[in-house]
Structures are given as structure tokens and as C-alpha cells.
Amino acid sequence: MAETVLMRNFGRADSHTLASYRGAGGYAAWDKAQTTEPAALVDEVKKSNLRGLGGAGFPTGMKWSFIPKSHTGPVYLVVNADEGEPGTFKDRYLLERDPHALVEGMLITARAIRSALGFVYIRGEYVQPWRRFSAAVKEAYDAGLLGRGFDIVVHRGAGAYICGEETGLLSSLEGKKGWPKIKPPFPAIKGAFGQPTIVNNVETLCCVPPIIERGAAWFAGLGTKTQGGTRMYSVSGRVKQPGVYEASVSITLRQLIERAGGVSGTGRLKAVVPGGGSAAILTADEIDVVMDVDGCRGAGTMIGSAGVIVMDESVSIPEALLVLARFYAHESCGQCTPCRESTGWIEKMVHRIVEGHGRKDDLDTILDVAKRGGGTTICAFYDGAIGPYISYVEKFRGEFEALCRS
Amino acid sequence: MSNGAPPTSSRPPTERAGLAAPATIKFSPEQLAEVRRLQGLYPDARGALLPVLHMAQDTFGYLSLEAEAYVAGLFGLSPAHVHEVVTFYTLYFQQPKGRHVVGVCHNLSCHLAGAQDILRHFEARLGIARGETTDDGRVTLQAVECLCACEAAPMAQVDDRYEMQLTPEKIDRILDGLR
Ligand SMILES: Cc1cc2nc3c(=O)[nH]c(=O)nc-3n(C[C@H](O)[C@H](O)[C@H](O)COP(=O)(O)O)c2cc1C
Ligand code: SF4
Ligand code: FES
């Protein structure tokens with residue numbers, strides 16, 4: 001079993017408190033960072049091969065280095081705690097069980113990017129995590145960790161999946177509806193309130209203190225050639241022990257399912273979603289994939305948020321797609337025509353098929369519509385929707401056809 | 001659940017027994033101080049709009065057009081802007097809601113764990129369909145998207161709490177506890 005890095009404190013009594021975190025050596029990395037030059041912090045994170053754990057897998061140190069050197073105004077650090085990707089629940093665990101790891105990660109990151117103000121955008125439904133994290137922030141203020149050059153504002157969302165997309169999140173943080181914005185400009189150039197902004201996921205920033213404390217080489221060595229570290233895999237669906245599992249990013253999907261107790265239900269695997277609802281589905285004979293960014297990309301899917309949803313042989317794939325199609329139709333923000341129209345139409349067509357009124361050529365229409373819209377929209381939401389549309393239909397076409405009228 | 005009767009949620013607000021809107025839409029002086037504190041946290045005061053809307057909903061029960069206009073006034077924004085924001089997010093209610101809100105997740109992992117049966121059990125016990133509020137204003141029932149507690153599927157949010165690994169018996173106990 002790989003080393004426990006992110007979940008190292010979960011088993012401690014009152015792990016969410018400052019006393020417990022300090023007792024486990026917490027804030028030692030921050031002490032070290034305070035005497036380290038910002039550029040050296042960025043360098044260390046670059047060398048660690050840390051890649052964003054929120055979805056896109058972008059190299060974290062490189063993102064930080066995009067803040068314009070010439071910029072003299074404010075720089076903001078925004079934490080994406082709007083966890084909403086179907087099948088993902090790791091950030092909830094971090095906020096509830098180790099909130100000080102995030103505060104410490106933010107302190108170090110803020111120094112690296114020269115930010116004096118950070119925002120933590122927590123999804124509105126996460127009331128308990130929000131209370132826990134707010135309490136940790138208060139403790140950090142009382143202890144003088146915050147308020148001396150860096151402040152944290154905890155912000156609650158109000159229910160909208162699209163606010164997890166970083167520019168949608170920034171719109172929402174600015175007091176607007178959560179409409180994504182065209183990139184470029186990227187947030188690092190023009191982000192929150194028009195200023196250079198780094199948006200990072202909760203788990204990504206929780207990796208930063210261990211990297212600073214134990215060194216980039218150690219962290220890089222935990223992972224694969226192109227991605228360092230361990231990460232928290234959320235495993236749910238038809239497994240015997242659903243839950244969050246920390247493992248090296250070099251673990252395979254097969255090993256991960258075994259760690260979660262193996263397949264439940266019929267005990268025979270049919271398909272797995274490897275990286276949250278928006279990842280292309282894998283069949284039972286595609287699970288030897290390495291669960292890092294490039295391993296999943298090579299298998300034609302994505303690691304995304306590392307939300308693994310397991311389906312045994314008794315699961316209806318058309319019904320599973322209908323659930324996701326309904327979700328995308330509901331959550332499209334409506335700005336882009338291909339996304340707004342296709343998500344609605346595809347939901348209707350999949351619904352019709354599941355109800356037994358579909359025609360076989362509906363399947364070609366779904367594939368055609370899905371393939372046309374890719375890459376044409378303001379944000380990656382729609383690309384995330386077509387992953388399931390295409391892969392479910394192409395890989396399980398027979399099952400869809402069996403429901404269709406000839 | 002369709003039996004020809006109009007869905008409860010389409011009745012005019014006055015006939016509803018949920019949280020009645022207070023006669024005047026106004027924050028207390030302490031709340032106004034809190035609004036100013038929140039506005040001061042952001043580089044642009046407008047950043048506090050979502051938090052203040054949460055406050056308004058907690059205070060007034062739901063976000064009526066009057067409440068929207070009132071909040072707009074506190075920000076120097078147009079009521080149309082605030083309306084656009086309120087309608088975008090699922091946690092803001094434009095109509096009176098029940099004293100308790102139950103959001104049953106019906107996304108993929110919960111679906112695999114029987115979310116539809118869970119929803120039907122809630123509907124049968126409450127005598128309403130998803131999207132509706134009981135006549136006595138006790139509970140609003142919703143089907144919601146992934147609440148990111150999929151390891152505990154099937155699950156639901158009941159007011160501030162996540163209720164995990166639901167069974168019909170557990171649902172009965174939960175509902176019995178809602179006054
Ligand atoms: C539709 C959509 C939803 C997303 N939801 C989330 C989310 O819930 N949490 C998250 O951290 N990133 C989410 N992302 C990715 C963010 O846009 C962004 O890449 C990420 O927050 C950057 O942080 P990282 O580099 O640390 O991963 C989403 C992206 C898209 C397109
Ligand atoms: S792709 Fe969809 S969600 Fe993204 S901006 Fe366009 S309409 Fe909105
Ligand atoms: S699918 Fe229900 S909580 Fe995620």
C-alpha cells in the first residue's frame with residue numbers, strides 16, 4: 001500500500017482542530033516556506049510534478065508561474081471547493097477532517113504567487129464542511145497565522161454545478177450568475193475582479209505542505225514519470241466497500257477496485273467510470289489503465305476528479321446514460337448553442353430509447369450531434385458531456401439497440 | 001404521482017402554509033451591519049451578493065420579488081440583475097418552501113443504489129410528488145443532482161444535514177423527526 005500523505009491525519013482525534021494538526025507536525029512546512037523565496041517555492045512545486053486534482057490535470061507549478069511578473073496590483077488565490085462532479089467526494093473529506101492542511105497549503109501558495117487575499121468557494125450544499133472550514137480559519141486567525149499579510153474569505157455557493165468550472169466560479173464569486181468566460185484571458189492574467197488569479201482545487205493545495213516539507217523529489221517519486229504524488233480516489237457504485245482511497249497515481253483501476261473490496265451486485269464487472277461522471281466509460285477489459293493523467297488519456301478517457309463509479313453486469317448502461325444526460329441538460333448554463341441545444345435533445349433521445357420508443361438510427365444521430373459540438377463551446381462542460389454520450393453508445397451499442405424498435 | 005390535481009407548488013403563495021413572508025422585508029440593524037461587513041470582504045462589494053442572498057432567504061423564508069428588490073437596493077444593483085442571479089442557483093427559492101427541505105440525490109451512484117425507490121418512498125410517505133410542498137408546509141421534496149456523498153448512496157440532504165445510506169425505515173424515522 002502506498003504512503004498516506006493527504007489522509008495522514010484523518011484517523012487522529014479531533015483532526016479538524018488546530019491543536020490536533022499542530023500535534024501532528026502541522027504548519028512546519030509554513031515555517032519553512034516563510035524563509036524560502038517565492039520563486040523557489042514555485043520551483044519546488046514544479047519539480048514535484050504535482051498536477052491539478054480538480055479535473056484538468058494542469059501542472060500546478062507551471063500555472064503559478066503564469067502570474068505576470070510585471071504586475072504590481074493585487075493577486076488573488078481562489079480555492080475551488082465547489083465539488084460537484086458526479087462520483088467525487090474527496091474534497092468534502094479534506095474540508096471536514098483536515099481543514100488546516102488547506103489553510104497551510106493556501107498560506108504557502110499565497111507566498112509563492114505573492115497574494116494577500118484568498119477566497120475559498122465552497123458549494124452551498126456543503127454546510128457541515130463549510131462550518132468546519134470556517135472554524136479552522138477562525139482558529140488560524142486567533143493563532144496569528146492569518147491576518148498578517150494573508151487573509152482568507154470563505155464564500156458559500158448557491159447550487160450550480162457549472163460554478164465548479166473555474167471561470168464560472170469566478171463569475172459567481174463576483175456576485176453574478178455562474179456563466180463561464182471565454183479563455184484567453186486565463187485567470188492567471190485576468191481573473192477574479194479583473195486581477196491575476198490562481199484557481200486551484202482543495203486537494204491540489206493540500207499536497208503543497210508535504211511537498212515543501214519533504215521535498216519535490218520525494219513527492220515526484222511517489223507517482224509516475226509525468227505526475228507526482230498520491231491522490232484520493234473516490235470509489236462508489238457497485239463495490240463492496242465504497243469510500244475514499246488514497247493511492248499512488250501509478251495504481252491501476254483494477255487494483256483500485258480490489259482495494260474497494262471488489263465488485264458487488266452480481267460480482268461481475270461490466271463497466272467503470274474512471275474520473276467522475278464526465279469521463280468516458282471503460283469496459284471490464286479496459287481496467288488495467290494507470291490512474292494518472294496520461295494513463296487515462298492514453299486509454300481515451302480522463303482521470304478528471306478521480307471519481308470512480310463501478311457498474312456490475314446487472315446495470316443498464318442506457319439507464320445510466322439517461323441519468324447523466326438529464327444531469328447535463330439540467331446543468332448547462334445555456335450560453336453556447338451546441339451545449340444548450342444538444343444536451344436537451346440528447347436527453348430526450350436517450351429517454352425515448354430507454355422507454356422503448358427509440359429507433360436504431362437515433363443512436364447515429366446522438367453520435368453525430370455529440371461529435372459535432374466538441375471543442376466549439378466557451379467552457380469544457382460540453383466536452384465533458386460528450387465523453388459519456390459517445391463512449392456509452394459506442395461501447396455498449398448492442399444494449400441500446402436491444403431497446404430500440406427495428 | 002400524477003392524479004390530475006394541480007401540483008401544490010403552483011398554488012399562489014397566500015394559500016400556502018409554509019414560512020409566511022414577514023410583513024416587511026427589512027434586515028435588522030445588526031443584520032445591516034453584517035451586510036456591510038460582508039461587502040467589505042470583497043474587492044468589489046458585489047462579491048457579497050450570494051452570501052447576502054443566503055441571509056435574506058434565511059430571514060424572509062424565500063426570495064420574493066420584494067426581497068430581491070430590497071437586496072438590490074443594498075448593493076446599488078438593478079432588481080433585474082439580482083433576479084437573474086436568484087433564478088440561476090438551485091438553493092434560492094422564489095416561492096415559499098416548506099419548513100424543511102429534503103433533496104434526494106438521483107445522480108449516477110445513487111441511481112445505482114436505488115435512488116428512484118428512495119424518491120418514491122418519500123413521495124408516498126409525504127403524499128406529494130418531487131418538486132412539491134406538503135399542504136401543511138412541513139416539507140418540500142426535491143430530486144437533486146450529485147451531492148458528492150456517493151460513497152453513502154442512496155443519500156439525501158435534509159435541511160443542513162446529509163442523511164446517508166437511506167432505507168425505507170431510515171426515511172420513516174427521519175420524516176417522523178421533522179416537525
Ligand atoms: C464543468 C466543469 C466542472 C468542474 N468542476 C470542478 C470542481 O467541482 N472542482 C474543481 O476543483 N475543479 C472543477 N473543474 C476544473 C476547474 O475548471 C479547474 O480546472 C480547477 O479548479 C483548477 O484547479 P487544479 O489545477 O488544482 O485542478 C471543473 C471543470 C469543468 C469544465
Ligand atoms: S459549454 Fe455549456 S456550460 Fe459551458 S459556457 Fe457553454 S453553455 Fe455554458
Ligand atoms: S450520486 Fe448521489 S451523492 Fe453522488
- Item | Helix-derived mean residue ellipticity, 222 nm - over chain A, DSSP H n ≥ 4, -39500 (n - 2.57), to 500 | -12500 deg cm²/dmol
- Starting from the Cα of A:E399, step 7 Å along the direction of its Cβ; do the same at B:Q31; then give the gap between the two resulting points in nm. 5.0 nm
- Task: Report the charge-dipole magnitude of the stretch B:100-176 in Debye, nearest 20, computed about the Cα centre from +1 at each Lys and Arg Cβ and -1 at each Asp and Glu Cβ.
- Result: 120 debye
- So what's the gap between the Cα centers of the stretch A:24-55 and the stretch A:174-190, to the nearest angstrom? 26 Å
- Item | Across chain B: Cys residues that no other cysteine approaches within a C-beta distance under 4.7 Å | B:C146, B:C148, B:C150
- Considering only A:I390, A:A216, A:A271, whose Cα is most displaced toward the positive end of the charge dipole of chain A, charges sitting on Cβ of Lys, Arg (+1) and Asp, Glu (-1)? A:A216
- Kyte-Doolittle mean at least -1.0 and Cα extent at least 24 Å along the axis: which DSSP H helices of chain A qualify? A:337-354
- Message: Let me spell out the model: positive unit charges on the Cβ of Lys and Arg, negative unit charges on the Cβ of Asp and Glu, origin at the Cα centre of the stretch B:13-88. What dipole size does that give, in debye rounded to 20?
- Response: 140 debye
- Query: For the pair B:E169 and A:H351, how long in nm is the line joining their label points, each one 7 Å along Cα→Cβ?
  - Reply: 3.7 nm
- Based on the Cβ-Cβ distance of B:T87 and A:A56, what FRET efficiency does E = 1/(1 + (r/R0)^6) give at R0 = 35 Å, to the nearest 0.05? 0.75
- Fraction of antiparallel bridges per DSSP, chain A only, in percent to nearest 5: 40 percent
- Message: Is there a quick way to get the dipole size of chain A? I mean about its Cα centre, with the Cβ of Lys and Arg at +1 and of Asp and Glu at -1; what is the value in debye to the nearest 20?
- Response: 560 debye
- Query: Tally Lys and Arg at +1 and Asp and Glu at -1 over the other residues with C-beta under 12 Å from the C-beta of A:A81: what net charge comes out?
  - Reply: -1
- Task: Taking the Cβ of A:T224 as the centre, find all other residues whose Cβ is under 13 Å away and add up their charges (Lys, Arg: +1; Asp, Glu: -1).
- Result: +2
- Task: Quote the Stokes-Einstein diffusion coefficient, in whole µm² s⁻¹, for the stretch B:13-88, based on the Kirkwood radius over alpha carbon pairs, a temperature of 10 °C and a viscosity of 1.306 mPa s.
- Result: 124 µm²/s
- Query: How compact and how long is chain A, expressed as Rg and Dmax of its alpha-carbon atoms in Å?
  - Reply: 21.3, 72
- In Å and whole numbers, how far do the C-alpha atoms of chain B stretch along each principal axis, longest first? 48, 37, 27
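Tally the DSSP beta bridges in the stretch B:100-176 and give the antiparallel ones as a percent, rounded to 5.
Numbers: 7 of 13 bridges.
Around 55 percent antiparallel, to the nearest 5.
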- Query: Residue farthest toward the positive end of the dipole of the stretch A:42-188, with Cβ of Lys/Arg at +1 and Asp/Glu at -1: which of A:P187, A:A110, A:A143?
  - Reply: A:P187
- Query: So which lysines can A:K46 reach, going by Cα to Cα under 18 Å and dropping same-chain residues fewer than 8 places off?
  - Reply: A:K32, A:K63, A:K69, A:K225
- Kindly state, to the nearest 0.05, the FRET efficiency for A:D151 paired with A:D14, given R0 = 22 Å and r defined as their beta-carbon distance. 0.30
- Query: Where Lys and Arg each count +1 and Asp and Glu each count -1, what net charge lies around A:A28 among other residues with Cβ under 11 Å from its Cβ?
  - Reply: 0
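All of the numbers you see were taken from the coordinates with simple rules; none came from a lab. Only a predicted model underlies this, so the values are computations on that prediction, with no experimental measurement involved. In this analysis, Cβ positions are derived from the backbone assuming ideal geometry, glycine residues included, and neighbour counts consider all displayed protein chains.
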